[in-house]
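**Q** Just dropping this structure here.
The values are calculated or read from the model by the stated rules, or taken from the named source; none is laboratory data. The structure presented is a predicted model; accordingly, all values stated were derived computationally and were not measured. For neighbour counting, all protein chains shown are included, and Cβ atoms are generated from backbone atoms with ideal geometry for every residue, glycine included. We work out accessible area using only protein heavy atoms, side chains counted, and drop any ligands, DNA or RNA first. Shrake-Rupley method; radii C 1.70, N 1.55, O 1.52, S 1.80 Å.
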Amino acid sequence: MKSRAIPVAPFVLTVFGATGDLARRKLLPALFRRDFAGQLPDAATIFGVARGPMPRDEFLAMVRSAILEHVPESKTTGPELDRFLARLDYVAADAEGENGWTDLAAALSKYAERIQVHYLATAPHLFGPICERLGRYGLAKGDSRIVIEKPIGKDVESAVRLNQTVGKIFPEERVYRIDHYLGKETVQNLMALRFANALFEPLWNAAHIDHVQITVAESIGVEERGAYYDESGALRDMVQNHLLQLLCLVAMEPPYSLEAAAVRDEKLKVLKSLERIDETNAAVLTVPGQYRAGACNGIAVPGYTDEIANRQSTTETFVALKVAVANWRWTGVPFYLRTGKRLQQRSSEIVVTFRKVPHSIFNSESGKALQTRLVIRLQPDEGIKLWLMIKEPGPGGMRLQYTPLDMSFAEAFDVSVPDAYERLLMDVVRGNATLFMRRDEVEAAWCWIDPIRQAWSQMNEPPRPYVAGSWGPSAAVALIERDGRTWAEDGP
């Protein structure tokens, strides 16, 4: 099968923070790949904006270098790279001052008839000042759209303030709060699996599902994000957005359509159905951890406090949670969430484990009938596995074997799987907000997260230590094994 690239309408995209890591590593390479695939129209223009003055040629050289670093050579040796670079221009503008904004407004005025998208790939404290200046200089008119990266606040109060600031300039329907996990092919295929097949949805409830695991594991440390991460921690950095959004897609009721409002309404209901975790139960339902020195991918690595040069830090680099969704569909079904840095491998997946068969007709010689599992891999190799019991081929009687039906997107489709940012950027241009977070979703997520942080503060206990290169603290294993279950590692 071949994947199709459907062209979008003419647009002008302004990337604030165009010289930063996110733009160089993700956004600009993603735009080039969409151009290479034929999805960008001829009338598509991209402006890079940052504080420092820079000649256009120097900016283009920086972009070329970034694309050569992050895009396979097979896509960068033809004329497509020069074609893409010809779309680019650069304007220097001060996010917290007035310098350069008149120049930016004049440059964008030439494209007033096109869809206008402003992408804030900057530090979060600049979101408000940039939005205010976009409004002041007439750049928020008509159908212009704003894209905001996480973190959106650090608690519910700061999230509300930021949303109010942005909302004064851009109405909610033109605000795109991006979570790149929702742009992954497998995440969207979760919706296709549930709502386009008669096989799964009738079984998608507490009567048939034993439990759900959601894991987002990273083998890297904090790298250059040490200062930010030490103020944030894994709960704010990963659970509040990525993991809760994945949980919502697994647990939500069928929406009346794929319209953005319908999908986001159902996700909000899930967030409001989460049973509260606070000082009364956090010690039993949560495990914060922090990595110590160890080895990842065969290379010795320092502990977290040495990596950030702060021996007193109590910031968690790992979190495991047992979460309950209090509604008719999911009552009694635990959702086990875990995420962390310096874990054994980079791996993100959703594992839905179905209940045991009520009665086994097979004797001990046949082998044990294991539970059916649906494994949805987000990274590194996006795909879906359905683990089933089958008869081992050949003579010799009935011998059961646990075998996956395996579909890798890279193998099933004659095309490389688009990066999440590629899809989400094109969705912004199309005006499709389905895969973006609505204001009330963000605030509801913080309302659930904040009591956990407050409980940890009152407990006044340091995060559980774990060796870099392991799967986290032993307490995280105990969290799930006390229920008679184990963390799945995508195998029998």
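**Q** Projecting each Cα onto the charge dipole of region 6-69 (Lys/Arg +1, Asp/Glu -1 at the beta carbon, about the Cα centre), which of V12, L27, M54 comes out farthest on the positive side?
**A** Checked the options; the winner is L27.
**Q** Suppose the chain between A227 and R311 were pulled fully straight at 0.36 nm per residue; how much longer would it get relative to their current alpha carbon spacing?
**A** 28.9 nm
**Q** Could you check how much of the accessible area of region 14-154 is carbon and sulfur, as a whole percent, using a 1.4 Å probe?
**A** Here it works out to 50 percent.
**Q** To continue, here is another question. Provide E316, E96, E231, E201 ordered by accessible surface of protein heavy atoms (probe 1.4 Å), highest first.
**A** Accessible-area ranking of E316, E96, E231, E201, largest first: E231, E96, E201, E316.
**Q** Taking Cα Rg over 2.2 N^0.38 Å as the quantity of interest, determine which of (1) 1.20; (2) 1.09; (3) 1.03 was computed from the displayed structure.
**A** Structure-derived value, by its label: (3).
**Q** Taking amide H positions as placed in the peptide plane 1.01 Å from N, state which residues far from D210 in sequence (5 or more) or on other chains have amide H under 5 Å from it.
**A** Sorted by chain and number, the residues that satisfy this are T353, F354, R355.
**Q** Please report the carbon-and-sulfur percent of the accessible area for region 319-374; probe 1.4 Å, protein heavy atoms only, DNA, RNA and ligands left out. Show your work: numbers first, answer last.
**A** Values: 1460 of 2760 Å².
Solvent-exposed carbon and sulfur of region 319-374 make up 53 percent of the total.
**Q** Cα-Cα over 22 Å: which of K75/K150; K141/K267; K184/K341?
**A** K75/K150; K141/K267
**Q** If you roll a 1.4 Å probe over region 201-312 with all protein chains in place, what percent of the accessible area is carbon or sulfur?
**A** Working: 2440 of 4680 Å².
Taking all protein chains in place, region 201-312 shows 52 percent carbon and sulfur surface.
**Q** Determine the distance separating the Cα centre of region 81-120 from the Cα centre of region 129-176; give it in Å without decimals.
**A** Taking the Cα centre of each part, region 81-120 and region 129-176 sit 18 Å apart.
**Q** About the Cα centre of region 341-484, how large is the charge dipole given +1 on each Lys and Arg Cβ and -1 on each Asp and Glu Cβ? Please answer in debye to the nearest 20.
**A** 440
**Q** Please state the shape class of region 129-234: rounded when a/c is under 1.5, otherwise prolate if a/b exceeds b/c and oblate if not, all from the C-alpha gyration tensor.
**A** Oblate.
**Q** Rounded to the nearest Å, what's the spacing between the alpha carbon centres of region 441-484 and region 228-264? Just the number, please.
**A** Taking the Cα centre of each part, region 441-484 and region 228-264 sit 18 Å apart.
**Q** If you don't mind, there's one more thing I want to ask. Sort 214-223, 163-172 for me by packing, meaning the mean count of neighbouring Cβ atoms within 10 Å per residue, highest on top.
**A** Listed from highest to lowest mean packing, they are 214-223, 163-172.
**Q** Still on this structure: Using Cα centres only, tell me the gap between region 42-70 and region 289-356 in whole Å.
**A** The distance from the Cα centre of region 42-70 to that of region 289-356 comes to 36 Å.
**Q** Mind checking the full-extension length gain between Q454 and H208? Use 0.36 nm per residue of separation minus the Cα-Cα distance, one decimal, nm.
**A** Result for the pair: 85.0 nm of gain on full extension.
**Q** Here is a further query. Per-residue counts of other Cβ atoms within 10 Å, averaged by peptide: what ranking do you get for 355-367, 175-187, 247-259, highest first?
**A** Ranked from most to least packed, the peptides come out as 175-187, 247-259, 355-367.
**Q** I want to check the label-to-label distance for A61 and D42. Put each point 7 Å from Cα in the C-beta direction and report it in nm to one decimal.
**A** Label-label distance for A61 and D42, simple model: 3.1 nm.
**Q** Can you pull the one-decimal nm distance between simple spin-label points at Y256 and T165, each 7 Å off the Cα toward Cβ?
**A** Going by the 7 Å Cα→Cβ label model, 3.6 nm.
**Q** For the residue pair E275 and A293, what label-to-label distance in nm results when each label sits 7 Å from Cα along the Cα-to-beta-carbon direction?
**A** It is 4.2 nm.
**Q** Rounding to the nearest 20 debye, state how big the charge dipole of the chain is about its Cα centre with +1 on each Lys and Arg Cβ and -1 on each Asp and Glu Cβ.
**A** Dipole of the chain, to the nearest 20 debye: 660 debye.
**Q** Further question: Decide, for region 103-181, between rounded, prolate and oblate: order the square roots of the alpha carbon gyration tensor eigenvalues as a ≥ b ≥ c, take rounded if a/c falls under 1.5, and otherwise choose prolate if a/b is larger than b/c, else oblate.
**A** In terms of gyration-tensor shape, prolate.
**Q** Per residue, how much accessible surface does the chain expose to a 1.4 Å probe? Answer in Å², no decimals.
**A** Heavy-atom accessible area per residue stands at 44 Å².
**Q** What number, rounded to the nearest 500 deg cm²/dmol, is the helix-based mean residue ellipticity at 222 nm of the chain, given -39500 (n - 2.57) per DSSP H run of at least four residues and division by all its residues?
**A** -9500 deg cm²/dmol
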